[in-house]
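Novice: I'd like to ask some things about the structure below.
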Amino acid sequence: MSGEQAALIVEHAPFVWRVLMHLGVPRGRLEDASQEVFLVALRGDFAGRSSFQTFLYGVCRNVAHAQRRRSREDREIPSAELPETVVQPAQEGALWVKQAHQQLLAALEQLDDVEREVFVLFEIGELSMEEIARATGSPLSSCYSRLYAARDRVHAVLRRRALSSARQELKS
Amino acid sequence: MNEPKRWSSAGSEVDPVLRSLLIHAREQRPSTGELQTILRGVSAAASPSKRRVPAFARGVALGLSLAGAGYAAGGLWPKPPEPAVVAPPDAPPSAKLEPRAPRNSAMPASAAVAAAPAPASARTSPPALRAVSSAAPTTADEEPARDAGLLQDARRIMLGDPARALTLTRDHELAFPESVLVEERQALRLEALARLGRHAEAQHELEGFEQRFPRSIYRRRLQSLLAR
């Protein structure tokens, strides 16, 4: 692997990682999945018709789909349902954030695939709505409606779960 | 159509806790070890003679050291991925991966070093440097956890040691002046003041709190504490 390729991986690894994570790839498979994404990307098949990040997302989507299928076949515990670990008091803050993040992942599991990808790309991948429309091959107006629908659902789920418990803890 | 405001962006009207959570999600990235594994896995499966970097990326990548020695150093050969995924529509249909390399095969140290890019040169562009800097694993991942953690600690010790809880809220203010949990911090501070018997000070600060957070869920509780 050349230095150019390594640079490309280092630059885009955080994007690929968080997109895969929030598209439902289990934590234990993120390294493998990221490797798959970059192997496809570095083949040089990027034709320049979209931004490289948009192209990468297309690969991520395919990889995430494949990884989730493998997880189901292997009957792995999805990352959003990992059991809680025993922690020391000093770790409580970190645990609180991790648990809240697990709630977010669980909430994302309840979205339709099309809503989920728009939400993940916009809120976590930080793509613009136009880039998302290109990445998903959907009309811009559809992306907007999916984003708003996803937000409503995520908010409703988290409101019921993570947010209420976090608030309760701080209130008590 | 106007671009919506992201939930994680400053000024977003979403619940501060949810905003903090989205920021945490947005900051997820592989650790140093995980990034190293990814680099090695790709290096193991990719043959330099067959791979090429997209042309647009060459300018970005040129001259980057990207902590190459650090990422290339030490450890077992990583797990190369299975060839089960096709490229997205932007790529030709011929895109297909080669067979997965065996796991845990040893990688010569020299090969690992060779895979690392050359040291940064004068051609390195500032945006590229920023990209590498942000990609390099740092303690930034831990910031949201520390942010919430300090306040959790303050809340936990509030009954037994309100003076210490007050100190923790000050520490939090110094460490995270722009925290999205500022409302929670202020509420904890007011509670600590009340429990320390510093009612006049607390009452004065409560007025500012109520102006700043008129719909706060902590308001009634704080009023009750100060009424005792």
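Novice: Kindly indicate which of A:Ala166, A:Ala94, A:Ala133 is part of a helix (DSSP H, G or I) and at pLDDT 90 or above. Step through it out loud before you land on a result.
Specialist: Values: A:Ala166 fails: at pLDDT 90 or above; A:Ala94 fails: at pLDDT 90 or above.
Going through A:Ala166, A:Ala94, A:Ala133 in turn, the sole match is A:Ala133.
Novice: Starting from residues that are at the interface with chain A (Cβ under 7 Å from one of its Cβ atoms), assigned to a loop (DSSP other than H, G, I, E, B) and modelled with pLDDT of 85 or more, keep the ones in segment B:9-50 and report whichever is surrounded by the most Cβ atoms within 10 Å (Cβ to Cβ). I'd like the intermediate steps shown before the answer.
Specialist: First pass over segment B:9-50, keeping only residues at the interface with chain A (Cβ under 7 Å from one of its Cβ atoms): B:15, B:17-18, B:21-22, B:24-26, B:28-30, B:34-35, B:37-39, B:41-43, B:45-46, B:48.
With the extra rule that they be assigned to a loop (DSSP other than H, G, I, E, B), the set shrinks to B:15, B:28-30, B:46, B:48.
Within this subset, residues satisfying the condition of being modelled with pLDDT of 85 or more are B:28-30.
Details: B:Gln28: 17, B:Arg29: 21, B:Pro30: 24.
Among residues in segment B:9-50 that are at the interface with chain A (Cβ under 7 Å from one of its Cβ atoms), assigned to a loop (DSSP other than H, G, I, E, B) and modelled with pLDDT of 85 or more, the one surrounded by the most Cβ atoms within 10 Å (Cβ to Cβ) is B:Pro30.
Novice: Name every residue in segment B:178-211 that is closer than 26 Å to B:Ser9 by Cβ and either modelled with pLDDT under 85 or under 28 Å from the mean Cα position of the chain (by Cα) (or both), in order of residue number.
Specialist: B:Glu178, B:Ser179, B:Val180, B:Leu181, B:Val182, B:Glu183, B:Glu184, B:Arg185, B:Gln186, B:Ala187, B:Leu188
The values are calculated or read from the model by the stated rules, or taken from the named source; none is laboratory data. Worth saying up front: this structure is predicted, and the values here are computed from it rather than measured. Cβ: placed from backbone, ideal geometry, glycine included. Neighbour counts: every protein chain shown.
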